[in-house]
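The values are calculated or read from the model by the stated rules, or taken from the named source; none is laboratory data. Predicted, not measured: the structure shown is a model, and the values here were computed from it. Cβ placement follows ideal geometry from the backbone for every residue including glycine, while neighbour counts extend to all protein chains displayed. Calculation scope for accessible area: heavy atoms of the full protein, side chains included, ligands and nucleic acids excluded. Shrake-Rupley method; radii C 1.70, N 1.55, O 1.52, S 1.80 Å.
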Amino acid sequence: MNKLIHSIFSFLYPIFRDWGMSRSSSTYLSLFFNIILLCLLTYGVYIVFRFILVTIMAIVAQRTKTRFDDLLISNKTAKYIAYLFPLFFIFRSVPVILDKFEYWEDVFGKLVGIYIVLLILWIIRTIFNSLRDYLKLIPRYSDKPIDSFIQVIMIVLWMFGITLIISKLFDINQNELLTILGAVSAVIILVFRDTILGFVASVQVAINDMVRIGDWITMDRYGADGDVIEINLATVKVRNFDNTTTTIPTYSLSSDSFQNWRGMLNSDGRRIKRHIIIKANSIRFLEDQELIDLKKIDLLSTYIDTRKTEIDNYNRGHKIDKSLPINGRNLTNLGLFRKYITQYLQQYPGLNKDMLMLCRQLQPTPYGVPLEVYAFSKDKRFENYEYIQSDIFDHIIASVSYFDLEIFVMPSENVVKPL
């Protein structure tokens with residue numbers, strides 16, 4: 001190889017000398033033509049090897065079932081590898097062409113060497129990008145923070161590459177350079193603080209399975225409420241339901257609180273937990289005639305008969321004075337309304353009957369008594385879930401008046417009477 005290169009770039013100088021040119025003129029003129037010849041040969045070497053590599057990779061991609069080689073082609077790995085061959089050719093040719101120019105030989109030799117290091121790092125990057133895209137096609141890896149791990153590996157490689165470049169550029173021994181870098185490690189840690197925190201957070205996220213790509217998360221601090229579309233070393237990207245994108249620092253996933261809805265999406269139902277507030281002064285005992293009227297409600301007729309018989313037997317057995325409704329056991333309009341809601345929920349087709357389902361009272365408030373529905377819808381899709389929830393409460397709100405109950409509403413100008 002050295003003999004071939006020497007024979008290509010050394011024949012012009014003797015020719016110019018034979019023509020009677022001076023040593024200086026022959027040197028510079030041969031240098032000029034050698035540079036032109038080097039450019040042409042370098043371009044030719046690049047074209048040949050790019051054609052060979054791209055063709056071979058395309059044939060291999062067609063004959064294999066794996067998608068990895070297709071991704072290598074799409075990331076132009078073969079094209080960047082083809083750059084190596086003309087660079088090596090230049091690297092070996094520069095000492096011959098600049099044989100009489102030691103200073104420039106040293107400068108161009110260093111520049112070509114630096115470019116080779118950068119190109120190798122870029123080739124490794126395209127390979128890792130192809131690996132990342134390939135792993136995302138595999139279901140068990142598609143929701144993992146692969147970007148973070150690849151970025152960490154590339155940061156380490158870039159640090160080694162930069163160390164090598166500095167040592168070549170300034171003729172510093174690598175061991176001495178590493179000693180210097182160790183001395184300024186505190187500055188490096190300060191500069192790469194977010195990167196280090198992001199790496200630690202990425203490892204915790206992967207090991208503890210805290211967040212996956214595709215998860216629906218809510219993080220009020222950053223205004224994020226949507227699906228995770230990307231997890232990398234520095235940031236987590238969330239596409240909100242209003243089609244905006246929120247960027248969250250990766251380390252905040254391990255330091256701050258957030259809500260992951262994956263458990264709900266993987267469960268058998270989505271929780272409905274909503275209440276209405278009943279005015280306390282509208283709650284009272286029911287009279288017999290009112291019970292007769294309420295028995296017309298299909299969902300309550302059997303319950304009222306059974307419950308009324310049970311209460312009457314108890315009151316007679318204990319000789320309760322029923323001249324006052326407060327004595328003994330009685331049915332209240334709120335209690336009967338709770339039973340009606342429970343019966344209504346049990347027959348509602350959109351709810352999962354195998355999961356918890358109830359209507360309960362909450363702690364009384366200054367505004368009244370909250371009556372809460374706690375159930376799970378079968379359909380977890382947002383639009384259908386909201387329809388089911390609204391449909392249930394449409395019915396509940398419309399049913400309140402049948403039990404002579406009132407829902408608390410803040411006073412307004414239309415309902416406040418003047419003094």
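Structure above, values below:
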quantity	calculated
Single residue of region 388-412 satisfying the filter (part of a helix (DSSP H, G or I) and small (Gly, Ala, Ser)) that is least open to solvent (accessible area, probe 1.4 Å)	SER399
Of all residues making up region 155-164, the number that are among the hydrophobic types (A, V, I, L, M, F, W, C) and touching a Leu at 6+ places or on another chain (Cβ under 8 Å)	3
Pair list, Cβ under 6 Å, 6 or more apart: region 247-275 residue free of Cβ contacts under 8 Å to residues at least 40 places away in the same chain, other residue open to solvent by 60 Å² or more (accessible area, probe 1.4 Å) and in a strand (DSSP E or B)	THR247/LYS237
Criterion: at pLDDT below 90 and closer than 28 Å to ASP312 by Cβ - qualifying residue of ASP256, ASP268, ASP288	ASP288
Test: residue in region 251-274 that is touching a Pro at 6+ places or on another chain (Cβ under 9 Å), surrounded by 15 or more Cβ atoms within 10 Å (Cβ to Cβ), not small (Gly, Ala, Ser) and not in a loop (DSSP other than H, G, I, E, B)	no
Qualifying position, being out of contact with any helix residue (DSSP H, G or I) (no Cβ under 7 Å at 6 or more places or on another chain), within 30 Å of ILE292 (Cβ to Cβ) and not aliphatic (A, V, I, L, M), among GLU383, GLU372	GLU372
In region 289-326, residue least open to solvent (accessible area, probe 1.4 Å) [restricted to those that are free of Cβ contacts under 8 Å to residues at least 12 places away in the same chain and polar (S, T, N, Q)]	SER301
Cross-chain or 6+ apart pairs with Cβ under 6 Å, region 66-88 first and free of Cβ contacts under 8 Å to residues at least 12 places away in the same chain, then in a helix (DSSP H, G or I)	ASP70/ALA61
Any hit, region 304-325, residues being in a loop (DSSP other than H, G, I, E, B) and either polar (S, T, N, Q) or in contact with a strand residue (DSSP E or B) (Cβ under 9 Å, 6 or more places away or on another chain) (or both)	yes
Helices (runs of 4 or more DSSP H) completely within region 119-200 that count 1 or more residues being among the aromatic types (Phe, Trp, Tyr) and modelled with pLDDT of 70 or more	146-169
Among the candidates LEU362, LEU331, LEU358, residue that is touching a residue at least 12 places away in the same chain (Cβ under 8 Å), of a type in the set (A, V, I, L, M, F, W, C) and touching a His at 6+ places or on another chain (Cβ under 7 Å)	LEU362
Any chance THR365 is within 29 Å of ASP293 (Cα to Cα) and modelled with pLDDT under 95	no
Count - residues of region 327-339 that are on the phi > 0 side of the Ramachandran plot and open to solvent by 50 Å² or more (accessible area, probe 1.4 Å)	0
